[in-house]
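**Q** Here you go, one structure.
The values are calculated or read from the model by the stated rules, or taken from the named source; none is laboratory data. No experiment lies behind these values; they were computed from the predicted model shown. Heads up, the Cβs are rebuilt from the backbone with ideal geometry, glycines too, and the neighbour counts pull from every protein chain shown.
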């Protein structure tokens, strides 16, 4: 009696391990794409953005984003030189169809494309109660659509307002950095369709990526650096008034 | 032997814990997805699932492989940096099967307007026009060739 119980106790962990490995099956090998060789981010050159909304349209078409919701959008800033603290910002329909003529004639005016910052230390992944959102090994913040409960914790946690809950699926949605494209060697839909090269996908682990030359020679900035989210969305020409 | 004199209740307690432990492990084995924890505190297969979404924008390299004539014109013009699908829209289906999926005709009044209509917030060095004054309502393509729009030698009539 004593012996069998001891044997059983010794056997149990081993059995559990064996059971787990049976369940796990053999890990799939994805063709030609090795997650450990990449670390994705993006470069946004504000000085080149013309506010045409090509990125917004491309994102919505590529990812079937419901109307009125955005995984990327463009904001127009008006900063008066007499009131730098309080910029006027508009983004009609996310800038999807461009912008109407400006109603201002003074001050500084510019466009700021926005999207998920793919933070390496992202607040949104930390608050998920079920482990449905995470930073992938190649640095992309993703949502597990099968696991997400739709509790909206992450929507509140994102300091950049980049998440929403899909009205039909009731799961959290966000920019995937076109994970289905970048893993096949394509660029993201927004970068593909940007006419001026204001957006550029960047692989920070690839020493030959032009991002490295750019980062070496230009002063870049991330949004809300004081939050220490280790954002990987680098802005060139970002004005201090941008929130 | 003396120590275990009245040990019956201890064994009973231990067996309750044991059964509970086994139950926990079995349930856990069933409920936790197999790929959970593969890369971190999440389902590893979710990464692969994100990569399976279908593509809508084929990418300009694909268009160029068939439409070499257009590329020839475009690569010499000012629109060389503008990808085909930025104007023509998502055409991965057309690229897969050009015979049965025809691209829609484009409305240049909307198309050119979005990029070229004068706006204070646009970079100063970007070519912009106030279309009402510039073309007087005439479609852009009456004077500009969409794939190579710069007007080098000014045609007679327009100045």
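**Q** Looking only at region B:18-43, count how many residues are surrounded by 15 or more Cβ atoms within 10 Å (Cβ to Cβ), out of contact with any strand residue (DSSP E or B) (no Cβ under 7 Å at 6 or more places or on another chain) and in a loop (DSSP other than H, G, I, E, B).
**A** Residues that pass the stated criteria total 4.
**Q** Among the candidates B:109, B:121, which residue alone is closer than 17 Å to residue A:57 by Cβ and either more than 10 Å from chain A (Cβ to nearest Cβ) or part of a loop (DSSP other than H, G, I, E, B) (or both)? If you could, list the steps in order and put the result at the bottom.
**A** Details: B:121 fails: closer than 17 Å to residue A:57 by Cβ.
Testing whether each residue is closer than 17 Å to residue A:57 by Cβ and either more than 10 Å from chain A (Cβ to nearest Cβ) or part of a loop (DSSP other than H, G, I, E, B) (or both) leaves just B:109.
**Q** Looking at A:228, A:189, which one is touching a residue at least 24 places away in the same chain (Cβ under 8 Å) and under 25 Å from residue B:87 (Cβ atoms)?
**A** Details: A:228 fails: under 25 Å from residue B:87 (Cβ atoms).
Selected residue: A:189, the only one of A:228, A:189 that is touching a residue at least 24 places away in the same chain (Cβ under 8 Å) and under 25 Å from residue B:87 (Cβ atoms).
**Q** Taking residue B:14 as meeting all but one of (1) surrounded by 13 or more Cβ atoms within 10 Å (Cβ to Cβ); (2) within 12 Å of chain A (Cβ to nearest Cβ); (3) closer than 29 Å to residue A:62 by Cα, write down the number of the exception.
**A** (3)
**Q** Still on this model: On the given criteria, is residue A:207 assigned to a loop (DSSP other than H, G, I, E, B), within 14 Å of chain B (Cβ to nearest Cβ) and either without any contact (Cβ under 8 Å) to a residue 60 or more places away in the chain or surrounded by fewer than 23 Cβ atoms within 10 Å (Cβ to Cβ) (or both)?
**A** Details: assigned to a loop (DSSP other than H, G, I, E, B): yes; within 14 Å of chain B (Cβ to nearest Cβ): no; either without any contact (Cβ under 8 Å) to a residue 60 or more places away in the chain or surrounded by fewer than 23 Cβ atoms within 10 Å (Cβ to Cβ) (or both): yes.
Considered against the rule, which asks whether it is assigned to a loop (DSSP other than H, G, I, E, B), within 14 Å of chain B (Cβ to nearest Cβ) and either without any contact (Cβ under 8 Å) to a residue 60 or more places away in the chain or surrounded by fewer than 23 Cβ atoms within 10 Å (Cβ to Cβ) (or both), residue A:207 comes out as no.
**Q** Hey, can you tell me all the residues within region A:140-152 that are surrounded by fewer than 20 Cβ atoms within 10 Å (Cβ to Cβ) and more than 9 Å from chain B (Cβ to nearest Cβ)? If you could, list the steps in order and put the result at the bottom.
**A** Step one: list which residues in region A:140-152 are surrounded by fewer than 20 Cβ atoms within 10 Å (Cβ to Cβ), which gives A:145-147, A:149-152.
Passing the criteria: A:149, A:150, A:151, A:152.
**Q** Being on the phi > 0 side of the Ramachandran plot and within 14 Å of another protein chain (Cβ to nearest Cβ) is true for just one of A:178, A:194. Which residue is that?
**A** A:178
The rows are residues; the columns are (1) surrounded by fewer than 20 Cβ atoms within 10 Å (Cβ to Cβ); (2) part of a helix (DSSP H, G or I).
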| position | (1), (2) |
| --- | --- |
| B:47 | no, yes |
| B:57 | no, no |
| B:65 | yes, yes |
| B:76 | yes, no |
| B:85 | no, yes |
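**Q** Which one of these does residue B:80 not meet: (1) closer than 30 Å to residue A:104 by Cα; (2) in a helix (DSSP H, G or I); (3) within 27 Å of the chain's Cα centre (by Cα)?
**A** It fails just one condition, (1).
**Q** Test residue B:105 against the criterion of being on the phi < 0 side of the Ramachandran plot and either in contact (Cβ under 8 Å) with a residue 60 or more places away in the chain or in contact with a strand residue (DSSP E or B) (Cβ under 7 Å, 6 or more places away or on another chain) (or both), and give yes or no.
**A** On the way: on the phi < 0 side of the Ramachandran plot: yes; either in contact (Cβ under 8 Å) with a residue 60 or more places away in the chain or in contact with a strand residue (DSSP E or B) (Cβ under 7 Å, 6 or more places away or on another chain) (or both): no.
When the stated conditions are applied, residue B:105 does not pass them.
**Q** Now, a different point. Taking strands (runs of 3 or more DSSP E) that fall entirely within region A:68-136, which contain at least 1 residues that are without any contact (Cβ under 8 Å) to a residue 24 or more places away in the chain and surrounded by 20 or more Cβ atoms within 10 Å (Cβ to Cβ)?
**A** On the way: elements: A:72-79, A:88-90, A:108-115, A:133-135.
Per the criteria, A:133-135.
**Q** Within the set of pairs 6+ apart or on separate chains, which have a first residue in region B:54-70 that is more than 14 Å from chain A (Cβ to nearest Cβ), a second that is part of a loop (DSSP other than H, G, I, E, B), and C-beta atoms under 9 Å apart?
**A** B:66/B:98; B:70/B:147
**Q** Separate question: Collect the residues in region A:154-173 that are buried (at least 17 other Cβ atoms within 10 Å of the Cβ) and assigned to a helix (DSSP H, G or I), keeping them in residue-number order.
**A** Within region A:154-173, A:154, A:155 meet the criteria.
**Q** Confirm whether residue A:199 is surrounded by 20 or more Cβ atoms within 10 Å (Cβ to Cβ), within 13 Å of another protein chain (Cβ to nearest Cβ) and either more than 16 Å from residue A:111 (Cα to Cα) or more than 16 Å from the chain's Cα centre (by Cα) (or both).
**A** On the way: surrounded by 20 or more Cβ atoms within 10 Å (Cβ to Cβ): yes; within 13 Å of another protein chain (Cβ to nearest Cβ): yes; either more than 16 Å from residue A:111 (Cα to Cα) or more than 16 Å from the chain's Cα centre (by Cα) (or both): no.
Answer is no for this residue.
**Q** While we're here: Assess whether residue B:85 counts as being modelled with pLDDT of 90 or more and in contact with a strand residue (DSSP E or B) (Cβ under 9 Å, 6 or more places away or on another chain).
**A** Numbers: modelled with pLDDT of 90 or more: yes; in contact with a strand residue (DSSP E or B) (Cβ under 9 Å, 6 or more places away or on another chain): no.
No.
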